[in-house]
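Input: a single structure, listed below in structure tokens.
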Amino acid sequence: MGIREELLLVLPEIELIKDQDLQEKVITTWVEALQRGGWAVHDIERMPFTLAKKVDLNFAQHVRSVTKICIAVEETFDEMYGSALSLDRDVLIAGALLHDVGKLLEMEEEDGIFKKTAAGKLVRHPFSGVALADANGLPAEVLHIIGTHSKEGDPYKRTPEAIILHYADFMNFDPIEG
């Protein structure tokens, strides 16, 4: 089984992106991040989603949970508000799947311990995530979601999709004790 097939098994929500070009760019971004970070696909199922808290939740679980919440919000808004709030579902899903992709460059494992890389101490994952996504041709709307999902985006006006992702991400961080 190749890296792409493994990735789709670990992050099956990638296949919910209807735009095939966008879906492909999400895959190539993940593949590049895995390769540059020296990770195998299965590593994202064992690495922590954060170093800020001691938690027994993995990176893949976090990405999938955030993505599923974003999808649920989009579906609820579509049902309740219809065209009054038009969200780009594919952009939202792509942004959710990629919001933390930069963590693959921000973290490393040494003797079974996950820690920040030297580069990760200087460049937080929203920035490295935007760089990875931009290098793989993702549109500005997705780059915006990645770049503004964390505290770095607080001074800026977020798109509706970025607002949804921001809150979904913190719903998966703030309530977790660690």
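Taken together, the values in this text are just the output of simple stated rules run on the coordinates, not laboratory data. Here the structure is a predicted model, which means the values were calculated and not measured. Counting neighbours? That spans all protein chains shown, and the Cβs are built from the backbone with ideal geometry, glycine included.
Points to keep in mind about this one:
- Coil-residue trypsin sites (Lys or Arg not before Pro) of region 40-146, DSSP, other Cβ within 10 Å capped at 15: Arg46, Lys53, Lys54
- Of Lys103/Lys151; Lys115/Lys151; Lys68/Lys157; Lys53/Lys115; Lys53/Lys157, those spanning more than 22 Å from alpha-carbon to alpha-carbon: Lys68/Lys157; Lys53/Lys157
- Fewest neighbouring Cβ atoms within 10 Å first, the residues Thr50, Thr29 line up as Thr50, Thr29.
- Relative to the longest principal axis of the Cα atoms of the chain, the long axis of helix 59-81 lies at roughly 0 degrees.
- For region 102-107, Karplus couplings with θ = phi - 60° (6.51, -1.76, 1.60), whole Hz, Gly/Pro x: x, 5, 5, 9, 8, 10
- Note, ³J(HN,Hα) from phi for region 112-128, Karplus 6.51, -1.76, 1.60, rounded to Hz, x at Gly and Pro: x, 10, 8, 8, 6, 6, 4, 5, x, 6, 9, 10, 5, 4, x, 6, 5
- Debye-formula intensities of region 112-156, expressed as log10 I(q)/I(0) at q = 0.22 Å⁻¹, are -0.77 (one equal scatterer per alpha-carbon, no solvent).
- For region 35-88, chymotrypsin sites (Phe, Trp or Tyr not before Pro) meeting the loop criterion (DSSP other than H, G, I, E, B) and having at most 16 other Cβ atoms within 10 Å: none.
- Looking at region 6-68, none of the GluC sites (Glu not before Pro) sits in a DSSP loop with at most 11 other Cβ atoms within 10 Å of its own Cβ.
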